[in-house]
Amino acid sequence: MNTAVVTFPGSNCDRDMMVAIAEVFGKQPVQVWHRDTALPDRVDFIALPGGFSYGDYLRSGAMAANSPIMREVKAAAARGVPVLGGCNGFQVLAEAGLLPGALMRNAGQRFVCRDAQLKVENTQTRFTAGYAAGETITIPVAHHDGNYFADEATLDALEGDDRVVFRYAHATNGSRRDIAGIVNESGTVLGMMPHPERAIEAAHGGTDGRRLFESLARSLAEAA
């Protein structure tokens with residue numbers, strides 16, 4: 001399987017994401033620069049990592065959403081290629097219009113860096129099939145602009161279509177309805193503020209993020 005990790009100026013979790021993907025998929029992902037205009041041939045999975053793309057100027061993820069490579073990411077997503085955006089990657093996906101809503105400054109105006117307990121709300125996606133419905137997992141968060149916001153109609157639509165994938169078990173940043181992660185209508189684009197790539201090995205404090213990558217790897221293998 002061919003995978004790619006996009007690096008923007010200010011990304012700082014791209015290496016973490018690449019290590020996690022290589023560990024689970026058994027093959028090193030291709031690192032793609034934001035100014036590139038093409039993705040690897042026959043790419044099977046794309047990840048947008050955490051960090052502070054473009055220094056979070058204007059709005060977190062807004063400038064990265066207009067990078068040249070994002071045209072190809074959008075085209076790949078339209079073809080059904082799975083895309084994961086973690087933390088800053090979620091912000092980029094929202095700013096690019098691949099997911100609804102926006103990520104705003106945390107309640108209390110503080111940077112949040114700690115383990116977060118998440119409730120798994122939807123196990124019917126390619127990313128979450130390895131979890132149990134209603135299960136509580138632990139994934140680290142590290143963000144200043146992780147407060148998910150959308151209007152009531154959008155929130156109701158997300159809930160009604162089972163597109164809320166992860167929810168904070170305890171209030172952490174002011175996110176509407178405690179939303180921590182959502183998917184697009186086809187379930188192939190996932191944005192989440194927590195960092196699953198930081199919960200891959202027991203030595204790092206937990207392995208609950210590993211099942212996300214394993215779920216996707218199995219799904220891709222079955223579809224091949």
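Nothing charged except the Cβ atoms of Lys and Arg (+1) and of Asp and Glu (-1): what's the magnitude of the dipole of the stretch 1-114 about its Cα centre? Round to the nearest 20 debye.
Dipole magnitude for the stretch 1-114 comes out near 260 debye.
When a/c is below 1.5 the answer is rounded, else prolate if a/b is larger than b/c, else oblate, so apply that to the stretch 1-82 with a ≥ b ≥ c taken from the square roots of the Cα gyration tensor eigenvalues.
oblate
Please compute the contact order of the stretch 1-121 in relative form: average sequence separation of alpha-carbon pairs under 8 Å and at least six residues apart, divided by the residue count, as a percent.
Answer for the stretch 1-121 is 25 percent.
What FRET efficiency comes out for residue 132 versus residue 153 if R0 is 25 angstrom and r is the Cβ-Cβ distance? Round to the nearest 0.05.
On the way: r = 30 Å, r/R0 = 1.22.
E(calc), rounded to 0.05, equals 0.25.
For the chain, set up a Gaussian network in which alpha carbons nearer than 10 Å are linked by springs, and say which option among 181, 209, 26 fluctuates the most.
26
Can you tell me the relative contact order of the stretch 76-210? Whole percent, Cα pairs under 8 Å, sequence separation 6 or more.
31
How much length is gained if the chain between residue 36 and residue 105 is pulled fully straight, taking 0.36 nm per residue apart and subtracting their Cα-Cα distance, in nm to one decimal? It would help to have the intermediate numbers written out before the result.
On the way: separation 69, 0.36 × 69 = 24.84 nm, distance 2.99 nm.
That pair, residue 36 and residue 105, stretches by 21.9 nm at full extension.
Does the chain classify as rounded, prolate or oblate by the C-alpha gyration tensor (a ≥ b ≥ c root eigenvalues; a/c under 1.5 gives rounded; else a/b over b/c gives prolate, otherwise oblate)?
It is rounded, given that a/c, with a ≥ b ≥ c, falls under 1.5.
For every other residue with a beta carbon closer than 12 angstrom to the beta carbon of residue 190, add +1 if it is Lys or Arg and -1 if Asp or Glu, then tell me the sum. List each step's numbers first, then the result.
Details: positive: 126, 163; negative: none.
Taking every Cβ under 12 Å from that of residue 190, the sum is +2.
Each reported figure results from applying straightforward, stated rules to the coordinates on display, with no laboratory input. These numbers were taken from a predicted model, which means no experiment stands behind them. As a convention, Cβ positions derive from the backbone with ideal geometry for all residues, glycine included, and neighbour counts pool all protein chains shown.
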